[in-house]
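Peer 1: If you scroll down you'll find the structure; I have some questions about it.
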Amino acid sequence: MSGNITFTIIKPFAVSNGYIGPILNKIHQGGFRISAMRMLWLTRGEAERFYEVHEERPFYKDLVEFMTSGPIVVAILKKENAVEDYRKLIGATDPEKAEEGTIRKEFAESMRANAVHGSDSDDNAKIEGSFFFSGLQQF
Ligand code: CMP
């Protein structure tokens with residue numbers, strides 16, 4: 001059975017380009033409810049910890065660099081089948097492969113500056129959500 005939460009980040013480039021509103025609008029139109037949300041600027045240590053699973057990947061250093069380059073918006077989203085439906089809504093990691101109408105197709109610039117993050121499993125949605133929010137901060 002699929003869970004009903006996913007976790008998202010609106011990444012630095014999308015924030016600095018003024019896309020918070022348009023991306024939240026897509027999230028709302030996609031039928032998601034915002035359970036928790038805040039804006040913050042990650043420290044290097046926090047970004048390294050959040051992306052720890054990618055530590056051995058060639059793009060890890062670059063990813064941490066980018067994710068600490070400016071403020072981000074983090075949120076927990078609720079909807080039935082949230083992880084899978086949100087991944088459909090955001091589109092492929094590489095915006096050139098993302099389908100028309102998806103968030104990444106409309107707002108991403110590159111694989112690195114790909115506008116948003118979305119959890120890839122129910123387990124990771126819980127882990128990622130609780131990295132940023134305590135139980136008391138989720139509604
Ligand atoms: P995200 O969903 O945040 O999860 C890991 C991130 O690594 C991914 O989005 C991309 O922004 C980034 N990423 C994945 N593959 C590559 C790659 N080949 N080159 C650069 N960045 C990548």
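Peer 1: Would it be correct to say that Glu65 is surrounded by fewer than 20 Cβ atoms within 10 Å (Cβ to Cβ), under 18 Å from Phe133 (Cα atoms) and free of Cβ contacts under 8 Å to residues at least 40 places away in the same chain?
Peer 2: no
Peer 1: Right, next: Go through the stretch 68-84 and give me each residue that's among the acidic types (Asp, Glu) and either under 14 Å from the mean Cα position of the chain (by Cα) or open to solvent by less than 50 Å² (accessible area, probe 1.4 Å) (or both).
Peer 2: Answer for the stretch 68-84, where residues must be among the acidic types (Asp, Glu) and either under 14 Å from the mean Cα position of the chain (by Cα) or open to solvent by less than 50 Å² (accessible area, probe 1.4 Å) (or both): just Glu84.
Peer 1: Right, here's the next one. For residues in the stretch 99-121 being more than 10 Å from the ligand (Cβ to nearest atom) and open to solvent by 50 Å² or more (accessible area, probe 1.4 Å), which is farthest from Leu89 (Cα to Cα)? So that I can check it myself, show each step before the final result.
Peer 2: Step one: filter the stretch 99-121 for residues more than 10 Å from the ligand (Cβ to nearest atom), giving 99-103, 105-107, 109, 121.
Applying the additional criterion that residues be open to solvent by 50 Å² or more (accessible area, probe 1.4 Å) yields 99-100, 105-106, 109.
Details: Glu99: 9, Glu100: 10, Lys105: 10, Glu106: 11, Glu109: 17 Å.
If we take residues in the stretch 99-121 being more than 10 Å from the ligand (Cβ to nearest atom) and open to solvent by 50 Å² or more (accessible area, probe 1.4 Å), then Glu109 is farthest from Leu89 (Cα to Cα).
Peer 1: Based on this model, can you work out whether Arg57 counts as within 12 Å of the ligand (Cβ to nearest atom), at pLDDT below 95, open to solvent by 50 Å² or more (accessible area, probe 1.4 Å) and out of contact with any Ser or Thr (no Cβ under 7 Å at 6 or more places or on another chain)?
Peer 2: The answer is no for Arg57.
Peer 1: Do we find a residue being over 14 Å from Lys11 (Cβ atoms), assigned to a strand (DSSP E or B) and open to solvent by 10 Å² or more (accessible area, probe 1.4 Å) anywhere in the stretch 36-48?
Peer 2: yes
The values are calculated or read from the model by the stated rules, or taken from the named source; none is laboratory data. Small disclaimer: the values here were computed from a predicted structure and weren't measured. Cβ atoms come from the backbone with ideal geometry, glycine included; neighbour counts cover every protein chain shown. In case anyone asks, the SASA skips ligands and DNA or RNA and just uses the protein heavy atoms, side chains included. Shrake-Rupley method; radii C 1.70, N 1.55, O 1.52, S 1.80 Å.
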